[in-house]
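Structure, as structure tokens:
The values are calculated or read from the model by the stated rules, or taken from the named source; none is laboratory data. As the structure is a computational prediction, the values presented were derived from the model and not from experiment. Ideal geometry is used to build each Cβ from the backbone, glycine not excepted, and the neighbour counts take in all protein chains shown.
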Amino acid sequence: MEVEHQVRRMWANRRERQKELRDKADFFEFTKNPVTAKWLRLLEKELGSQTPRHVLEQDFRDTLMAWELDFAGNNKLRRRRLASVSSIIFTAVDTGKLDKEIRIIMPIMRELGENLETLVPLGVAFEPFRRKRDFRMQFHGMCFHYQLYVEGVFDEAIRLLYLLTSSGKGKSASLEEINKMSLWKLRSEFQSLGLPDVFFEGWENGRVRNSIAHCRFRYDNNLGRMRFKDIDSTGRNPDYDRSFTLAEFSELGTKVSDVYLIIQNILFMLRIRQLVLSPFVPYVGKYLLMPGIRAALKSGMLAGPVG
């Protein structure tokens, strides 16, 4: 029994597993998560030898902690978001609670990735204004991006996050039911699960999105601020009137985009654990991240690191 504990047979498809791990390491290097990338390269190396399973398990846990530090750092909001969902999701996977949901989520994540690719040309179109330090035009580009991101990515990311966390907590809810919920309803459902109200920061209760959609935003050249106004025609809520500097609005967008990034990277970590520890890995080495990113960089459609 002692020998079995110390020696692990290498996976027959270890080269394909190593190829995918190497791709993930390159991705995390590209997205400025260097410590995570370093741990992934170690895992890749260990798969090529008879590394004991308990060592692989510990090194995966260290990889996960490295990513949490790389991604969150001293950002208090990111740390609170990660702390509230990562343990729920990983525990639920261990107990098999998310087997069905993971199969549902992966196609939706691919669609969200395509939605993000659709937004890339908008960034390319406004990139010259950033280089020229034309803050007015740069701000307009960010406004259009914010509205589309909220509608096409954030909205769906919140729904997926609720599906993952509610299933992890043993609360049954189908994707069809969740898709019928408004973001306001989902916000109250998050609170009913005992999650802190941190995932809706940056959304501004939909008021900035409404302002942009109804063309009620104006840039003040003298102050270097964009003013957003939203009128509630029902009279149930006070009118919204708030101004942001370019840096403040950029932070607003980052808070919104982080929700998708957290889900994406948690799913990447689940895949990495599968590559390292699972006897069976579907589609191993088939769906790589970096070839598409390198092609986008070469074509000019992607100017630099994402995430």
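Some notes on this structure:
- The residues of the stretch 213-230 that are outside any loop (DSSP other than H, G, I, E, B), in contact (Cβ under 8 Å) with a residue 12 or more places away in the chain and over 25 Å from residue 115 (Cβ atoms), listed by number, are 219, 220, 225, 227, 229.
- Some residue of the stretch 11-27 being of a type in the set (S, T, N, Q), touching a residue at least 60 places away in the same chain (Cβ under 8 Å) and closer than 17 Å to residue 265 by Cβ: no
- The single condition among (1) modelled with pLDDT of 90 or more; (2) more than 18 Å from residue 255 (Cβ to Cβ) that residue 145 does not satisfy is (2).
- Residue within the stretch 274-293 that is over 26 Å from residue 67 (Cα atoms), of a type outside the set (S, T, N, Q) and not in a helix (DSSP H, G or I) present: no
- Test: residue 124 is of a type in the set (Val, Ile, Thr), under 23 Å from the mean Cα position of the chain (by Cα), at pLDDT 85 or above and surrounded by 13 or more Cβ atoms within 10 Å (Cβ to Cβ): yes
- Pairing each residue of the stretch 174-196 that is farther than 17 Å from residue 206 by Cα with any residue that is of a type in the set (Lys, Arg) and not in a helix (DSSP H, G or I), provided the two are 6+ apart or on different chains, yields C-beta distances under 6 Å for 193/169.
- The stretch 108-137 residues that are β-branched (Val, Ile, Thr), paired with ones that are surrounded by 13 or more Cβ atoms within 10 Å (Cβ to Cβ) and at pLDDT 90 or above (beta carbon under 9 Å, 6 or more apart): 108/156; 108/159; 118/148; 118/152
- For residue 265, the conditions (1) free of Cβ contacts under 8 Å to residues at least 12 places away in the same chain; (2) closer than 25 Å to residue 159 by Cβ; (3) of a type outside the set (Gly, Ala, Ser); (4) in a helix (DSSP H, G or I) all hold with the exception of (1).
- Lone qualifier among 66, 25 - being under 28 Å from residue 197 (Cα atoms) and at pLDDT 90 or above: 66
- Count of residues meeting criterion [assigned to a helix (DSSP H, G or I), of a type in the set (Ser, Thr, Tyr) and crowded, with 18+ Cβ neighbours inside 10 Å] in the stretch 231-262: 2
- Residue-level analysis places residue 28 outside the set of residues that are aromatic (Phe, Trp, Tyr), over 24 Å from residue 257 (Cβ atoms), touching a helix residue (DSSP H, G or I) at 6+ places or on another chain (Cβ under 7 Å) and in a helix (DSSP H, G or I).
- Residue among 201, 248 that is under 21 Å from residue 78 (Cβ atoms) and touching a strand residue (DSSP E or B) at 6+ places or on another chain (Cβ under 9 Å): 248
- Looking at 228, 244, 217, 249, just one residue is modelled with pLDDT of 95 or more, in contact with a Lys or Arg (Cβ under 6 Å, 6 or more places away or on another chain) and among the hydrophobic types (A, V, I, L, M, F, W, C), and that residue is 228.
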